[in-house]
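Down below is the structure, laid out as structure tokens.
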Amino acid sequence: MVPSFPADAARPDLRSLRFPELSALVSRLGERPYRARQLYSWLHHRGAASLDDMTDLPRAFRERLAAETRLTTLAIDAVQESSDGTRKYRMRTWDGKLIESVYMPDEAGPRSFDPEADEEEPSTRIRRTLCVSTQVGCAMGCGFCMTATMGLVRNLTAGEICDQIYRVNADLRGLGVPGERPLTNLVYMGMGEPLHNYENVMRSLELLLSEDGANFSHRHITVSTSGLVPNIVRFGEESQVKLAVSLNATTDEQRARLMPVDRKWNIAALIDAVRMFPSRQGRRVTFEYVLLRDVNDSDEDAARLAALLRDLPVKVNLIPYNENPGLAFGDPGAERVAAFRKALDARGITAMVRKNRGRDIAAACGQLAIQA
Ligand code: SAH
Ligand code: SF4
């Protein structure tokens, strides 16, 4: 049995390596170059859980890899299924940390839960989306979000971000969901602030987009941020995937109270960064707006929101608040949500209301947290 969780954290983390880095490692170990392709394919195309699975690699090579590198595969610790088909996976990292990933099937019908809804795409395409975590906990401290109560425990590695997808694909295949890679879409909207773990997130995207790996299309991946302005600018230049920005308020006074990040980068700076965002076809930025009862859900808020976004080629995703124990915010209710949307519409701003998937198992937006 080749061990998968060696104690020595200094050894290179195999699933986090880009192909050229993996090639260099393979040649340092004295193996033929084509072994790097095989290994990369096992890690990212087939999503192998352990070196033991890589049956066409010579045993001696696998033993060298086991001795000199690490393969930090996630272990599925628990799965909860919602009445709406959403599945929440709790996964354990090699060092015993717990994270969550949420699977949302959408075989047909409305797709309002997902900001990726793409006008150019036929509405009949089957979409199976995974919401992935990028950190254990989060440092951003948003007052309405359950993940914030954990604080930041640590960043996930690129390999750990990718592995959430590979573990869920394997689970779904086991359930009989068709396809070699059942997941079609990814949203970086689970635990953590993706742009606060910039390097690892960028690396994970590169791995997931690679043709020899999971081969996702950049049109089917969305990264959501609470508004780290300098990294939004960098992200626009360095990545092709889509961006969602959590605005959640229409004045700095209001936003700073909800989201401490606003004290560093205010709404004007955020809107400027979005205005500069390179908008290639199909890459319109989405603004997320969590509707909090009696906090930011009035018609005046809608009017201010419309004014802020005037002239910007953006979409708006309204997220009715998912209530959390101990956090004093409420869901405005369907009527207020509809009225808010209508008030935006009347001012020429198209907004979608995100479906509250998985509320019954605390898998909806802002409900992910693991008590220490
Ligand atoms: N950290 C990133 C991505 C994860 S949060 C970000 O903040 O954008 C994903 C979305 O859920 C964000 O738009 C956030 O504002 C929203 N959210 C957080 N808590 C929520 C809750 N309790 N109910 C509804 N949406 C929530
Ligand atoms: Fe972090 Fe996003 Fe939650 Fe804010 S909303 S605490 S940025 S996960």
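The values are calculated or read from the model by the stated rules, or taken from the named source; none is laboratory data. Predicted model, so just to flag it, every value in this text is computed and none were measured. Accessible surface areas use protein heavy atoms only, side chains included; no ligands, DNA or RNA. Shrake-Rupley method; radii C 1.70, N 1.55, O 1.52, S 1.80 Å.
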Check: What would the Debye formula give as log10 I(q)/I(0) at q = 0.20, 0.26 Å⁻¹ for the alpha-carbon point model of segment 56-108, no solvent?
Finding: -0.76, -0.95
Note to self: I'd like the orientation of helix 198-209 relative to the chain: the angle between its Cα long axis and the longest Cα principal axis, in ° from 0 to 90, rounded to 10.
What the structure shows: 70 degrees
Checklist line | Overall Cα dimensions of segment 247-372 - principal axes, largest extent first, Å | finding: 40, 33, 31
Next item on the list: Calculate how steeply helix 158-174 sits against the longest principal axis of the alpha-carbon atoms of the chain, using the helix alpha-carbon long axis, and give the answer as 0 to 90 degrees to the nearest 10.
Entry: 90 degrees
Notebook entry, point to check: Per 10 Å bin, what percent of the C-alpha pairs of the chain does each bin hold, from zero upward?
Noted result: 5, 24, 33, 23, 10, 4, 1
Check: Hey, what's the chain come to in accessible area per residue, 1.4 Å probe, Å²?
Finding: 41 Å²
